[in-house]
Amino acid sequence: MKIDHHSGVPLHIQVERLLRKMIDEPPYRDGELLPNEVAIANRLGISRNTVRKSIGKLVFEGFLERKKGVGTKVSEKRITTQLDNWMSFTQEMNNKGISFVNYEIEVVFVKADSNVSNALEIAEETEVLRLCRLRGDEDGPFVYFVSYLHPRIGLTGKEDFQRPLYEILEKDFNIMVDLSRETITAINVEEAIAKKLNVNSQKPVLQRVRKVYDPGKRPVEYCLGFYRADKFSYSLDIKKS
């Protein structure tokens, strides 16, 4: 564990790179506390503030967690997604090399309530297909999607929804999706959803409300996604104008 004091790469970046390697190694990956800031600083011959800055970056990204009076350790596995480029859940997972599992798929036709009718721009009580999917990784479910699909698509409910939804829309129904308008909030969910995600109903989850449109700006899908906050996070790069 050392850095190059003669390198043009800033010290805090070098420390950050070292930490990223450390947290992938046992025993830290298995829960052992990292050395404290003073120990790391003394070993590398740098200031404690430099180490603190590097650790703070990884805490912000969700890779590390600090516990007052205890120390710093690797966070439980968490998936972080960028919000500057919309993609489907399948694309997100594939891009990160994560194999996901469909724990539950439910397809039913329901009558549109006011929220669904406003989002899909249809009359209330119009029959729409509702697709519910409980998804996660080998450790268990971490997201529950409730999607309402516009009736003009012509879905019958007999489609193979183990396949990616947007692949079905494009290849089977010639429906291209072009735009996603989204809002993300922290909410307490009803007991039934909390149970599916194996979380305490008193603990907030991330709710991602997505309205998906075709190139003609016609609504295609209204989706409510409920993500375990300890398993999923979002990051956004903002450039000063």
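Give, in nm to one decimal, the length gained when the segment between Lys68 and Arg218 is fully stretched (0.36 nm per residue of separation minus the Cα-Cα distance).
49.0 nm
Asn188 label point, 7 Å along Cα→Cβ, cut-off 17 Å on backbone N: hits in the stretch 206-229?
Of the residues in the stretch 206-229, 206-207, 229 have backbone N under 17 Å from the label point off Asn188.
7 Å from Cα along Cα→Cβ at both Lys2 and Thr126: what's the point-to-point distance in nm?
Reported label-point gap for Lys2 and Thr126 is 6.9 nm.
With n ≥ 4 as the cut-off for DSSP H runs, can you work out [θ] at 222 nm for the chain, using -39500 (n - 2.57) per run divided by the number of residues, rounded to the nearest 500?
Value at 222 nm, helices only, nearest 500: -7500 deg cm²/dmol.
Residues of the stretch 117-147 with amide nitrogen under 18 Å from the 7 Å Cα-to-Cβ point of Phe109?
117, 122-132, 147
Report relative contact order for the chain in percent, whole number only (criteria: Cα-Cα under 8 Å, sequence separation at least 6).
Contact order relative to length: 17 percent.
May I ask you to sort Cys132, Cys223 by Cβ crowding, counting other Cβ atoms within 10 Å and putting the fewest first?
Arranged by neighbour count, lowest to highest, Cys132, Cys223 become Cys132, Cys223.
Please say if the chain is rounded, prolate or oblate, where rounded means a/c under 1.5 for a ≥ b ≥ c the square roots of the C-alpha gyration tensor eigenvalues, and otherwise the choice is prolate for a/b larger than b/c and oblate otherwise?
prolate
So for the chain: antiparallel DSSP bridges make up what percent, rounded to the nearest 5?
90 percent
Can you work out D for the stretch 101-173 in µm² s⁻¹ from Stokes-Einstein, where Rh is the Kirkwood radius over C-alpha pairs, the temperature is 20 °C and the viscosity is 1.002 mPa s?
163 µm²/s
About its Cα centre, how strong a charge dipole does the chain have in debye, to the nearest 20, once Lys and Arg get +1 and Asp and Glu get -1 at the Cβ?
Result for the chain is approximately 1200 debye, rounded to the nearest 20.
Values quoted throughout were computed directly from the atomic coordinates according to the rules given, and no laboratory measurement underlies them. Quick caveat: nothing in here was measured; it's all calculated off a predicted structure. Cβ: placed from backbone, ideal geometry, glycine included. Neighbour counts: every protein chain shown.
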